[in-house]
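Structure record follows, encoded as structure tokens.
The values are calculated or read from the model by the stated rules, or taken from the named source; none is laboratory data. In this text, all values refer to a predicted model and were calculated from it rather than measured experimentally. We place every Cβ from the backbone using ideal geometry, glycine too, and count neighbours over all the protein chains shown.
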Amino acid sequence: MDKQTDWNADTLLKISGACWQSFVLQAAVQLDIFTTLGNSSCRSGELAEKIHADQRALAMLLNALAAMGLLIKRGDVYENTEASRQFLVKGSKEYVGYLIAHFRYTVDVWAGLADSIKTGKPRQADHEITDDQRENFLMGMHTLASALAQEVADCIDLSTCTKLLDLGGGPGTHAVHFCLANPQLKAAIYDLAESEPYARRIINEFSLSDRIEFIAGDYLHENISGTYDAAWLSHILHGEGPDECIAILKKTAAALQPGSKLFIHDFILHDTLDQPLFPAVFSLNMLVNTARGQSYSESQFRDMMTEAGVQQITRLPFSGPNDSGIMCGIV
């Protein structure tokens, strides 16, 4: 929906209650219903035994999933739809369950949005991230990045570059695909140590351990080691305030040789800050989850890059899902 939506009581109530369907989907993923069904069919009682659930309650959930078009019901037998097998069964290359599980962890903080608007602070203070939460987030990011990887690699000219810095690269999806597209390129993923096992999983999957290294570090509080001739900052700046963004960009520039390329990939607002819809709403996601994070406009990115010493700033002709864009400059 956008500014042109025909707002009435019906559309307002549909948005207000839309979270119900998201809770249904999140519960189904949490209970591994789609993966348990796989390519088979099952009665609700049999499935209840397999996942250790109450039969009556599970039947309600299965019926809701069937009503949403995520399961097929024949009599009292349920099976996955083709789309469910493609996107919601673990092991599928297009599995999005990790990201759906990650969204489940954001429910409580989003419920406190009104409080965050009053205080200007996130819903909760920093807390220990569990292994499951970390895996869901990082592998969810890998799923999203993989869907864009080829298009992004085609858009980014790294033909003259030999060493890429993938700052805050998490599982290293972009670094992998940049190296696949540029045989002369090597890369370093710089991220917190907790991300390393997931990055190595992806690197090994593509047999690129001889060309991609992982450097454990905290780019907020430490300098960036190594020397590079290209840097890729994908979806990390929206987690920080403007001052922190400038500091990160300055550290990145300091690690680059003169004449190197610096790329920013992020959700980009119009300069009016009220469009497109997803970056505008995502800015609130950063409000309830981070101390100073937000979505930024193209002009705000330009100003931050300029202050960090980046020149010849352009926006590349790329538009990803949810209005992500790529800014490029020369150090």
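Conditions tested, residue by residue: (1) under 30 Å from Val107 (Cβ atoms); (2) touching a strand residue (DSSP E or B) at 6+ places or on another chain (Cβ under 8 Å).
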{"site": "Leu237", "(1), (2)": "yes, yes"}
{"site": "Glu240", "(1), (2)": "yes, no"}
{"site": "Leu249", "(1), (2)": "no, yes"}
{"site": "Leu262", "(1), (2)": "no, yes"}
{"site": "Asp271", "(1), (2)": "no, yes"}
{"site": "Leu277", "(1), (2)": "yes, no"}
{"site": "Met286", "(1), (2)": "yes, no"}
{"site": "Gly325", "(1), (2)": "yes, yes"}
{"site": "Cys328", "(1), (2)": "no, yes"}
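Scan the stretch 113-126 and tell me whether some residue there is closer than 19 Å to Ile202 by Cα and part of a helix (DSSP H, G or I). There is no residue in the stretch 113-126 that is closer than 19 Å to Ile202 by Cα and part of a helix (DSSP H, G or I). Could you say which residue among Ser260, Ser234, Ser209, Ser225 is over 28 Å from Pro321 (Cα atoms) and at pLDDT 95 or above? Being over 28 Å from Pro321 (Cα atoms) and at pLDDT 95 or above holds for just one of Ser260, Ser234, Ser209, Ser225, which is Ser209.
Where in the stretch 11-106 are the helices (runs of 4 or more DSSP H), entirely inside, with at least 1 residues that are within 24 Å of Glu135 (Cβ to Cβ) and in contact with a Lys or Arg (Cβ under 8 Å, 6 or more places away or on another chain)?
Values: elements: 33-37, 44-51, 55-67, 82-87, 97-105.
Result: 33-37, 97-105.
Within the stretch 266-285, does at least one residue satisfy the condition of being crowded, with 16+ Cβ neighbours inside 10 Å, β-branched (Val, Ile, Thr) and touching a Leu at 6+ places or on another chain (Cβ under 9 Å)? Within the stretch 266-285, none of the residues are crowded, with 16+ Cβ neighbours inside 10 Å, β-branched (Val, Ile, Thr) and touching a Leu at 6+ places or on another chain (Cβ under 9 Å). Restricting the first member to the stretch 64-82 and to residues that are touching a residue at least 40 places away in the same chain (Cβ under 8 Å) and crowded, with 16+ Cβ neighbours inside 10 Å, and the second to residues that are of a type in the set (Gly, Ala, Ser) and not in a helix (DSSP H, G or I), the beta-carbon pairs closer than 6 Å and six or more apart or on different chains are Glu79/Ser41.
The set of residues from the stretch 175-194 being assigned to a helix (DSSP H, G or I), within 20 Å of Asp218 (Cβ to Cβ) and not acidic (Asp, Glu) comprises Ala175, Ala193. Residues that are in contact with a helix residue (DSSP H, G or I) (Cβ under 8 Å, 6 or more places away or on another chain) and of a type outside the set (D, E, K, R) within the stretch 160-174 comprise Leu164, Leu165, Leu167, Gly169, Gly170, Pro171, Gly172, Thr173, His174, listed in sequence order. When the stretch 170-192 is examined, which residues are found to be more than 13 Å from Ser234 (Cβ to Cβ) and under 19 Å from the mean Cα position of the chain (by Cα)? Leu192 - this is the single residue of the stretch 170-192 that is more than 13 Å from Ser234 (Cβ to Cβ) and under 19 Å from the mean Cα position of the chain (by Cα).
Quick one: which of Arg211, Arg134, Arg200, Arg123 is over 30 Å from Ser283 (Cβ atoms), touching a residue at least 24 places away in the same chain (Cβ under 8 Å) and of a type in the set (D, E, K, R)?
Only one candidate qualifies: Arg211.
Results for (1) more than 21 Å from Arg123 (Cβ to Cβ); (2) not in a helix (DSSP H, G or I), shown as yes or no for each residue.
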site: Trp232; (1), (2): yes, yes
site: His238; (1), (2): no, no
site: Cys245; (1), (2): yes, no
site: Ile248; (1), (2): yes, no
site: Thr252; (1), (2): yes, no
site: Leu262; (1), (2): yes, yes
site: Asp274; (1), (2): yes, yes
site: Pro279; (1), (2): no, no
site: Ser283; (1), (2): no, no
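Restricting attention to the stretch 291-301, the residues that are farther than 18 Å from Asn322 by Cβ and outside any helix (DSSP H, G or I) add up to 2.
Considering the stretch 302-327, the residues that are free of Cβ contacts under 8 Å to residues at least 40 places away in the same chain and not in a strand (DSSP E or B) include one that is nearest to Lys251 (Cα to Cα), namely Thr306.
When Thr314 is tested against the conditions (1) farther than 25 Å from Lys121 by Cα; (2) in contact with a helix residue (DSSP H, G or I) (Cβ under 8 Å, 6 or more places away or on another chain), the lone failure is (2).
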